[in-house]
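The structure appears below as structure tokens.
The values are calculated or read from the model by the stated rules, or taken from the named source; none is laboratory data. Owing to the predicted nature of the structure, the values given are computational and were not obtained by experimental measurement. Don't worry about glycine lacking a Cβ; one is built from the backbone with ideal geometry, like all the others, and counts go over all protein chains shown. Each accessible area value is taken on the protein alone, full model and side chains, heavy atoms only, with ligands, DNA and RNA left out. Shrake-Rupley method; radii C 1.70, N 1.55, O 1.52, S 1.80 Å.
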Amino acid sequence: MAAWFQTPPGRYLLDWERERYAAAVADAFGYHALQLGLPQLDALAGNRMPHRWLALPEAPVAGNGNGEGVGGVGADGEAGRPRAVDLVTHAAALPFPAASLDLVLLPHTLELSADPHAVLREVERVLVPNGRVIVTGLNPASLWGLRQFRARAAQRLGLGRTRCARLYLPEAGAFIGPWRLRDWLRLLSFEVAATEHGCYRPAVVTERWLQRTAWMDRLGARWWPMLGAVYFIVAVKRVRGLHLLGPAWRPTRAAAAPAVVARRDRDRSTI
């Protein structure tokens with residue numbers, strides 16, 4: 001998938017996500033933030049938390065900008081080069097205690113994971129109450145998703161050598177629709193705060209045709225907003241409070257007390 005992000009559609013997608021992440025993390029306050037995956041995008045560049053880390057599921061290749069940073073922030077991330085990698089860990093087994101992170105970013109992490117449910121459960125564990133998780137993913141209900149579906153269908157029909165069988169998106173990973181992801185988040189007590197779609201240009205492969213169809217971004221955001229090639233979801237971890245209730249029964253002493261009955265004396269003699 002890293003090679004695909006070097007293509008014109010991949011750079012177009014990263015530019016859109018970079019703008020959305022910059023706006024979303026600018027007002028996220030706390031002490032600890034974590035980005036899981038996608039070192040090509042420094043999604044925490046606009047955040048002001050003192051401790052920011054980039055985690056990958058495997059060791060980065062030499063020459064990818066894996067220098068050390070101060071406080072978890074790589075100096076080369078500000079210069080436009082690949083973000084410094086701070087730790088290598090499995091996304092479903094993070095080396096952080098429970099309720100210790102204020103912000104977690106998942107840029108295309110779930111669709112590249114073998115068990116996205118386990119990753120979301122782990123994110124819910126490490127987030128503090130009212131902590132935020134931001135997820136981006138490829139939308140199957142889009143022009144890009146339709147072309148990818150057509151290519152896979154042609155491969156299943158034995159048309160692998162034809163033009164229709166050429167994959168447009170990376171072969172690795174699986175689509176996770178935004179509607180399904182919202183259901184998963186609600187089951188884990190997350191409240192979806194914002195959802196946005198983008199990248200409405202058709203599935204073309206050259207920079208020239210991407211520039212020619214730039215007008216579709218304006219029309220798509222207005223007329224078919226749910227059919228963007230990528231979605232951006234912000235969710236907040238909610239923790240329900242407990243309310244202690246008193247006993248529903250009466251005390252034994254009060255129940256055993258004799259009842260006082262007022263009785264009128266009718267045997268009074270008259271003078």
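If you go through the stretch 39-61, how many residues are among the basic types (Lys, Arg) and assigned to a strand (DSSP E or B)?
Of the residues in that region, 1 qualify.
Restricting attention to the stretch 106-116, and to residues there that are open to solvent by less than 80 Å² (accessible area, probe 1.4 Å) and not polar (S, T, N, Q), which single residue is farthest from the chain's Cα centre (by Cα)? This residue is Asp115.
Checking the stretch 163-171 against the condition returns a match, with at least one residue being in contact (Cβ under 8 Å) with a residue 12 or more places away in the chain, surrounded by 17 or more Cβ atoms within 10 Å (Cβ to Cβ) and of a type in the set (Gly, Ala, Ser).
What residue, among those in the stretch 22-38 that are part of a loop (DSSP other than H, G, I, E, B) and in contact (Cβ under 8 Å) with a residue 40 or more places away in the chain, is surrounded by the most Cβ atoms within 10 Å (Cβ to Cβ)? So, considering only residues that are part of a loop (DSSP other than H, G, I, E, B) and in contact (Cβ under 8 Å) with a residue 40 or more places away in the chain, the one surrounded by the most Cβ atoms within 10 Å (Cβ to Cβ) is Leu38. Looking across the stretch 195-208, just one residue is modelled with pLDDT of 95 or more and hydrophobic (A, V, I, L, M, F, W, C), and that is Cys199.
Residues checked against (1) under 30 Å from Ala203 (Cβ atoms); (2) modelled with pLDDT of 90 or more; (3) in contact with a helix residue (DSSP H, G or I) (Cβ under 8 Å, 6 or more places away or on another chain):
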| position | (1), (2), (3) |
| --- | --- |
| Glu58 | yes, no, no |
| Thr89 | no, yes, no |
| Asp115 | yes, yes, no |
| Arg125 | no, yes, no |
| Val128 | no, yes, no |
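State all residues of the stretch 195-231 that are open to solvent by less than 80 Å² (accessible area, probe 1.4 Å), in a helix (DSSP H, G or I) and farther than 14 Å from Tyr12 by Cα; if no residue qualifies, say none. Passing the criteria: Leu219, Gly220, Ala221, Pro225.
Of the candidates Leu103, Leu181, Leu120, the single residue that is crowded, with 19+ Cβ neighbours inside 10 Å, of a type outside the set (Ser, Thr, Tyr) and not in a helix (DSSP H, G or I) is Leu103. Every test in (1) touching a residue at least 60 places away in the same chain (Cβ under 8 Å); (2) among the polar types (S, T, N, Q); (3) open to solvent by 60 Å² or more (accessible area, probe 1.4 Å) is passed by Asn139 save one, and that test is (3). For the condition open to solvent by 30 Å² or more (accessible area, probe 1.4 Å) and at pLDDT 80 or above, Val70 does not qualify.
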